[in-house]
Amino acid sequence: MPHLLPHFTRALTRRPAPNFADGITESAHLGAPDYHKAMRQYDAYLEVLRECGLQVTCLPGDARFPDGHFVEDPFVIYRGLAFQCRSGAAARRGEGEALKAHLDDLRIVEAPPDARIDGGDVLFCADRALVGISARTNLAGWRALRAALRTVQPDIRVDAVPMRGMLHLKSGLTELAPGILIHCPLLQLDYDLAWARVIPLPPAEAHAADVMPVNETLVIAAGCPQALAAAKAVCARVITLDMSEFVKMDGGLTCLSLRY
């Protein structure tokens, strides 16, 4: 099956600011994150990106944006295009401006004023891109991204996926391999996934539904045996990472870098 994901050579990241626990979260029941533990987890994450052969640019933390280390949300990058999102969370709308200077070799297209979209709602997989319609992303955001993507790939399929139950589409649905999706049933979709093989996860492994493919490697959350078994069944190189402190802030593996 053809695949939209390109070979990645670079990653843009931003270190969490010391006030990152002041960010937006729906997971307060998990407790407050520990900053020093989070930084150890973050450094391990960067090291994995480097081990996968990516040139990593790591920007300093910015206390103006407690969620600013979730750099995947302000931009969607595809084939030399950097689509600048406009988040449905007003507090996050300034994050993209600080990243722009580091994407100056890409063609930047800004979302129009009526569009609301987070990169965490955009999943490139198999023969299509999926855009979750969520609290952060509306239909105008989907239409704007679809139009932008078609300037670099006119025949690309970009489907709107109405959803509920989790923050972002990729919080509960990502791709292990072309045509093989891993899904947390807490994420409810009004969209037919019959075109793919879908591997369900138990609620205890909900955060492991956000897997991060990096070229020939699958990076998944640590401590999740069903997710690990599913990943090993389709990929020869699987790396696990403990991201517990970022899960407390509704974050996951894909959120922490722009890979392109």
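The values are calculated or read from the model by the stated rules, or taken from the named source; none is laboratory data. Values in this document were obtained by computation on a predicted structure and should not be read as measured data. We place every Cβ from the backbone using ideal geometry, glycine too, and count neighbours over all the protein chains shown. Note: areas computed on protein heavy atoms with side chains; ligands, DNA, RNA excluded. Shrake-Rupley method; radii C 1.70, N 1.55, O 1.52, S 1.80 Å.
If you average the sequence gap of Cα pairs under 8 Å that are 6 or more apart and divide by the length of the range 23-107, what percent do you get for the contact order? Present the calculation step by step, with values, prior to reporting the outcome.
Values: 48 pairs, mean separation 18.0, N = 85.
Once normalised by length, the contact order is 21 percent.
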Between residue 90 and residue 19, what is the label-point separation in nm under the 7 Å Cα-to-beta-carbon projection? 1.8 nm
A 1.4 Å probe over the protein heavy atoms gives the range 203-248 a carbon and sulfur accessible-area percentage of 58 percent
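Over the chain, what is the relative contact order in percent, taking alpha-carbon pairs closer than 8 angstrom and at least six residues apart?
Numbers: 557 pairs, mean separation 60.4, N = 260.
Relative contact order here is 23 percent.
Could you work out the relative contact order of the range 1-154? I mean the mean sequence separation of Cα pairs under 8 Å and 6+ apart, divided by the number of residues, in percent.
Numbers: 233 pairs, mean separation 38.5, N = 154.
Here the relative contact order equals 25 percent.
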Highest mean packing first, using Cβ neighbours within 10 angstrom, the peptides 32-41, 132-141, 166-175, 7-16 sort as 166-175, 132-141, 7-16, 32-41
Consider the candidate values [x] 0.92; [y] 0.98; [z] 1.04; state which one is Cα Rg over 2.2 N^0.38 Å computed from the structure displayed. [x]
Highest-MSF residue in the chain out of 127, 104, 250 [GNM, Cα springs under 10 Å]: 104
Would you give the gap between the C-alpha center of the range 149-181 and the C-alpha center of the range 58-106, rounded to a whole Å? 19 Å
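Helix-derived [θ] at 222 nm for the chain: sum -39500 (n - 2.57) over DSSP H runs of at least 4, divide by residue count, nearest 500? If you can, show how the numbers build up before the last one.
Values: 6 runs with 52 residues, N = 260.
Taken over the chain, the calculation gives -5500 deg cm²/dmol.
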Name the residue, out of 23, 119, 61, whose mean-square fluctuation peaks in a Gaussian network model built on the chain with Cα pairs under 10 Å. 23
Got a number for carbon plus sulfur as a percent of the range 1-121's accessible area, 1.4 Å probe? 51 percent
Rounded, prolate or oblate for the range 77-135? Axes are the square roots of the Cα gyration tensor eigenvalues, ordered a ≥ b ≥ c, and the cut-off for rounded is a/c under 1.5. oblate
Let's test the formula: R0 of 41 Å, r as the Cβ-Cβ distance of residue 57 and residue 155. What FRET efficiency results, to the nearest 0.05? 0.80
Per residue, how much accessible area does the chain show when a 1.4 Å probe rolls over the protein heavy atoms, in square angstrom? 41 Å²
